[in-house]
Each structure stands twice: as C-alpha cells, then as structure tokens.
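Below is one structure, written out as structure tokens, with a few remarks after it.
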Amino acid sequence: MSDGGTALAHVLGLFACDGSELAPGGQRIGALAAAHGTPLYVYDLGVAAQKVALLRRVMGPDIGLHYAMKANPHPQVVRAFVELGLGIDVASGGELSVALAQGADAGGCSFAGPGKSDAEIAQAIDAGVGSINVESPRELEKVAEAAAAAGRTANVSLRVNPAQQVRKSGMRMGGGAQAFGIDAEQVPAVLARVAALKSVRFVGFHVFAGSQNLDAEKLVTSYRGSLEALVELMPHAPHAPTRINLGGGFGIPYHAKDTPIEIAAVGAGLQALWAEFQPHFGGAQLHLESGRFLAGECGVYVCRVRDRKVSRGTTFLITDGGLHHHLAATGNFGQVIHRPYPVAAVTNLDAAPSEEVAVVGPLCTPLDTFGAKVPLPPLAEGDLIGVFCSGAYGFTASPRGFLSHPEPAEVVVGEITP
Ligand SMILES: Cc1ncc(COP(=O)(O)O)c(C=O)c1O
C-alpha cells in the first residue's frame, strides 16, 4: 500500500499537529469542524506567512513581491499578505475593492486581466492603481480615454505575450496565440501610442508565462526568454521603465509524485539574471506576483464521511463535500487526467494507510470524485477527511443546478508576524 506520496508529506510538514490530529493555527481540526460545520475551508495564516518568508529569503531584498489575490481573495487572507508587506495584484474591480478595504496601498497594486470593464478601468484610475497592466491595443485606448475624462493620468504597463512558450507549466498563459497580453511584435506600435497619449504614464512591462511550474530550471530559462524579449522592446519605450513584472507561476506539489519546486534555485537564478539584465532597464525594479505558491498550501478543505459502502469490490467514502465547492481537487478545473490532491485522515494522521478507497462527493455525477484509489486508514461514517493544497483556486460558488447543496463555511486561523 502506497502512502499519500511526497506532496502529502510536504504539505503536512507546514502544519502544526496536536498529537496525531491536524491543528492549523494551533486549533484542533475536529474542534474547528464541530464549531463551523462541514464542509469547511480552513486557511492557516501561519502557513501563508511561512511561504512569504521563504520567497523573500530566496528572492533577496531587491525583488518586489506581490500577492496575486485571485488565488484566494478571502479578505482576511488578503489582509495578512498586505500586513506582511506585499503589494497586491488584482484581476477585477471586486478584487480591487477587497484589497483596498484590507489596507492595501493602491500605488502598490497592479491590475491585470483581459476584458476589464469600463467601470473597472475607471475604478482603477480613480483609486490610483500603481500599474494597470494593459492586455490589448484597444484596452490602452480605453484606459487613456477614461483617464482623460477623469482629468487623471493612468499608470500603465504593457503585458507582453512573447513568442516563446514555457514548457513544464501546468497552465500556459504566454507564447503563441493568447487572450492575455499584447503580442511582442505589436508592442512597438502600442508603445508609440503610450508615448503619444497624454493621459497615460508608462510604468513598465508585465509578462506572465504560465502557472503551476515545478521545474526551477525551465522557469529560470523562461524568465531569461522574457527578459530578452523585453530588451528588444526597450528602444521603443517612451522612457526607462520603473517596473518589470515577470509574473510568478511557482507551483506547489499536488499529486503523489510531484516534488516541490526548488525555489532556492529559482531565487538564485533570478537574482543572477537580474544582475545581468537590469542595466538594460535603467533603474527599474523587478517584480514577481505569486498566488498559488503563497496561498495554496495554507488551505485544507475538510469534509465529513456521510457513508461508507462497497460496490463490487470498491470501497467508496461518500463525503459531504465535492466539486460544487472544489472544482480543482475533483479534477474539473484544467486537468486532463484527474490526479488526486493530497487527502488524509486529519484527526488521525499517525494511522498508516491500509486500504485504497474511492473518495467521492454527494453530487449525482461521476465527476464528483476526489480520488479513485486514495490510500487511507479505515474511515467510517462521521470521520473527517482533509483535502490539502486547497488554499488557492479551490473555492467555487455553487453553480446553478447544485444550489441545493449548501455553501461551505470558511474559517481563518493562525497568526502572522509582519
Ligand atoms: C496575471 C497573473 N498573475 C499572477 C497569477 C498567479 O499565478 P500563480 O498562482 O501561478 O502564482 C496569475 C494566474 O493565473 C495571472 O494570470
């Protein structure tokens, strides 16, 4: 019988335990589940703070860090990252409102994302967002018009879609034809417009090549490719940029055989790259925006076994949580082949797995499956199961059709030391 693999061992190492029971933020998971009900998302700010400290340590003091709050826009989670001194990358007007309400400085926010609405653009200009990352030539014109109408100057970066692709990213968002960013070959003309438009101020460039990358070497190679592409654009810039934002995309191990990204190697590689490339960009600061790496591992989705049954030799644990709350862990968000997230018996972590069971949710669809062969100790009705790595891109409001199922509770525990 295999255990839960490297990914489970890795993520468990980030949490406190009370005996053999998971104790996020020092609170026993059984007590949290009893107090808040299940299904329940628990976000441990202490784990998030560990990840920030790690990223800071490996990136050094000169690389600016942003939290991409699309990963987890829970207000208390966002507040923690703000208090830890990170800038916030927002992807909608709603996110901007949350960030500002949680104390983020608008000047330290960036706003990326295709298809920004007129209202969102106006909101960002009004708030004084530090960098509106423009995703298309047309969007630049909209930003300029809105700024002119408001009698303001909008801070803009151009999001560049380089020709190169990043291989080894779970989700590729740069290279080839993309909804995101402006193709590098179109950028000189757009920069000429930036120079001509009175109501926009050029901040710099943004490149986001892809998410969920676990290969340090490939990632650093892709950063080199991005920087080389940007250097070629520099002669067209109206003036020296103040910010070069290379995105992030640092992955976390989700699946049994995934190994954690060698983040120290990414840090060393990036610092060496920046030492080489910074002279091409004048006094610009290098920025990174990370979501999953910072928030993903702080979250556990806790559900309770409602039924245990055997069907033709397969044991099913039917839980009260499922795809209606957690598209990603059930393999319904971007996975071609469903590989399970780390799953464990959170009130008895010392018990060795002794059976492989199917862990499924309560919806009438075979898509509602956390894993078909999950190694677990024998669990019975009423026991708790934790789905780890659920702090980023997990929560999904119930889509229509599943509305009869209640929303999950959410609770934030733990402390940070800014
Ligand atoms: C523009 C942008 N920045 C940052 C992120 C965060 O990426 P990750 O969670 O991989 O760090 C994303 C994710 O889609 C993104 O689109």
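The values are calculated or read from the model by the stated rules, or taken from the named source; none is laboratory data. Keep in mind it's a predicted model, so treat the numbers as computed, not measured. Here Cβ is always computed from backbone atoms with ideal geometry, including for glycine, and neighbour counts include all displayed protein chains.
Is there a residue being on the phi > 0 side of the Ramachandran plot and out of contact with any Asp or Glu (no Cβ under 7 Å at 6 or more places or on another chain) anywhere in segment 308-321? Yes: segment 308-321 contains one or more residues that are on the phi > 0 side of the Ramachandran plot and out of contact with any Asp or Glu (no Cβ under 7 Å at 6 or more places or on another chain).
Checked against (1) modelled with pLDDT of 95 or more; (2) assigned to a loop (DSSP other than H, G, I, E, B); (3) in contact with a Leu (Cβ under 9 Å, 6 or more places away or on another chain); (4) not aliphatic (A, V, I, L, M), Lys198 meets all criteria but (3).
Do you know which residues across segment 343-386 are of a type in the set (Ser, Thr, Tyr) and crowded, with 18+ Cβ neighbours inside 10 Å? Scanning segment 343-386 gives Thr347, Thr369.
Which of the residues that make up segment 200-238 are aliphatic (A, V, I, L, M) and farther than 30 Å from Lys257 by Cβ?
Keep residues of segment 200-238 that are aliphatic (A, V, I, L, M), which gives 200, 203, 207, 209, 214, 216, 219-220, 227, 229-231, 233-234, 237.
Selection gives Val200, Val203, Leu227, Ala229, Leu230, Val231, Leu233, Met234, Ala237.
Could you please let me know if Gly204 is small (Gly, Ala, Ser), outside any helix (DSSP H, G or I), within 16 Å of the ligand (Cβ to nearest atom) and at pLDDT below 95? It is false that Gly204 is small (Gly, Ala, Ser), outside any helix (DSSP H, G or I), within 16 Å of the ligand (Cβ to nearest atom) and at pLDDT below 95. Listed here are the helices (runs of 4 or more DSSP H) enclosed by segment 209-319 that have at least 2 residues being more than 16 Å from the ligand (Cβ to nearest atom), assigned by TED's automatic domain parsing to the domain that holds Gly181 and modelled with pLDDT of 95 or more: 216-233, 263-277.
Number of residues in segment 221-240 that are surrounded by 24 or more Cβ atoms within 10 Å (Cβ to Cβ) and over 23 Å from the mean Cα position of the chain (by Cα) equals 1. Looking across segment 1-51, just one residue is more than 28 Å from Leu65 (Cβ to Cβ) and within 21 Å of the chain's Cα centre (by Cα), and that is Leu40. Scanning segment 40-76 for residues that are within 23 Å of Ile385 (Cα to Cα) and of a type outside the set (Gly, Ala, Ser) returns Leu40, Tyr41, Val42, Tyr43, Asp44, Leu45, Val47, Asn72, His74.
Residues to consider are Leu317, Leu246; find the one that is hydrophobic (A, V, I, L, M, F, W, C) and closer than 20 Å to Ala184 by Cα. Talk me through it step by step, then tell me what you get.
Numbers: Leu317 fails: closer than 20 Å to Ala184 by Cα.
Matching residue, one of Leu317, Leu246: Leu246.
Name the single residue, out of those in segment 105-135 being more than 14 Å from the ligand (Cβ to nearest atom) and within 22 Å of Gly249 (Cα to Cα), that is nearest to the chain's Cα centre (by Cα). So the residue we want is Gly108.
Given the criteria closer than 30 Å to Pro61 by Cβ, more than 16 Å from the ligand (Cβ to nearest atom) and modelled with pLDDT under 95, does Gly331 qualify? Let's see the steps before the verdict.
Values: closer than 30 Å to Pro61 by Cβ: no; more than 16 Å from the ligand (Cβ to nearest atom): yes; modelled with pLDDT under 95: yes.
Judged against the criteria, Gly331 is not a match.
Of the residues that sit in segment 287-307 and are crowded, with 17+ Cβ neighbours inside 10 Å and touching an Asp or Glu at 6+ places or on another chain (Cβ under 7 Å), which one is farthest from Ala358 (Cα to Cα)? The extreme case among them is Glu289. Based on what the data block shows, is Gly128 modelled with pLDDT of 95 or more, in the same structural domain as Ser117 (by TED's automatic domain parsing) and at positive phi? Considered against the rule, which asks whether it is modelled with pLDDT of 95 or more, in the same structural domain as Ser117 (by TED's automatic domain parsing) and at positive phi, Gly128 comes out as yes.
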